[in-house]
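What follows is a short report on a single structure.
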Amino acid sequence: MTKKRGLLIVISGPSGVGKDTLIQRLLEFNPNLRYSVSCTTRAPRPGEVDGVNYTFLSREQFEKLIEERAFLEYATYDGNLYGTLTERVESARNAGHDVVLKIEVQGAEQVRAKAPDGVFIFVVPPSTRELQRRQELRNSESSRDMASRRKIAEVEMTYASRYDHVVVNDDLERAAAEVLAIINEARARQT
Ligand code: 5GP
């Protein structure tokens, strides 16, 4: 029997909402799920590993890939380029794996146009105050970067209604269970 092609799951949400931890939890729970490692021109943060967290590229390398039409989507976020390689997504989906993308809202719009069968999930914080607290706790950015990301987060929140599902990350285990249920339901509906 041929394997079912995997689903495409798009997760967006404001900076600091806890997308990374949530996705980590999803990958632990669902062995069929694969994370598509994005490319970026942003500098690695302490502890980030090339090829694991991101493929870190120079702007020149990234622009060459744009010219080659290698990206399913790409966008500028806070002055840096971020993009999803089509090949990474397609090879995993063709092997029957569900693929999760962690991308910002402009990139998600591009994916929606190309893959309307995708499952689009927007993660929100329980409150704006809680988001600010988490952003401060993370403390990996300078205060200038944090202020800039906070402004972007305000704009991003206005995109929530464009997504199929909005999940409140009030509690990691609960939110992960909700996303897993969404994925299972989409799998069951797949023809
Ligand atoms: P960070 O610099 O905090 O890792 O990511 C900044 C933003 O870029 C986050 O909202 C993250 O989801 C988004 N992002 C990460 N990878 C991609 C990608 O491949 N494409 C797009 N459009 N956004 C991405």
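Couple of notes before you dig in:
- The set of residues in the range 110-121 being within 11 Å of the ligand (Cβ to nearest atom) and surrounded by 18 or more Cβ atoms within 10 Å (Cβ to Cβ) consists of Val111 alone.
- Strands (runs of 3 or more DSSP E) (entirely within the range 1-104) containing at least 1 residues that are modelled with pLDDT of 95 or more and crowded, with 20+ Cβ neighbours inside 10 Å: 8-12, 33-35, 38-40, 71-77, 80-85, 98-102
- Count of residues meeting criterion [under 15 Å from the mean Cα position of the chain (by Cα) and either within 15 Å of the ligand (Cβ to nearest atom) or modelled with pLDDT under 95 (or both)] in the range 158-178: 5
- Residue ID - nearest to the ligand (Cβ to nearest atom), chosen from residues in the range 24-46 that are hydrophobic (A, V, I, L, M, F, W, C) and closer than 27 Å to Arg59 by Cα: Cys39
The values are calculated or read from the model by the stated rules, or taken from the named source; none is laboratory data. Model, not experiment: these values are computed from the prediction. In this analysis, Cβ positions are derived from the backbone assuming ideal geometry, glycine residues included, and neighbour counts consider all displayed protein chains.
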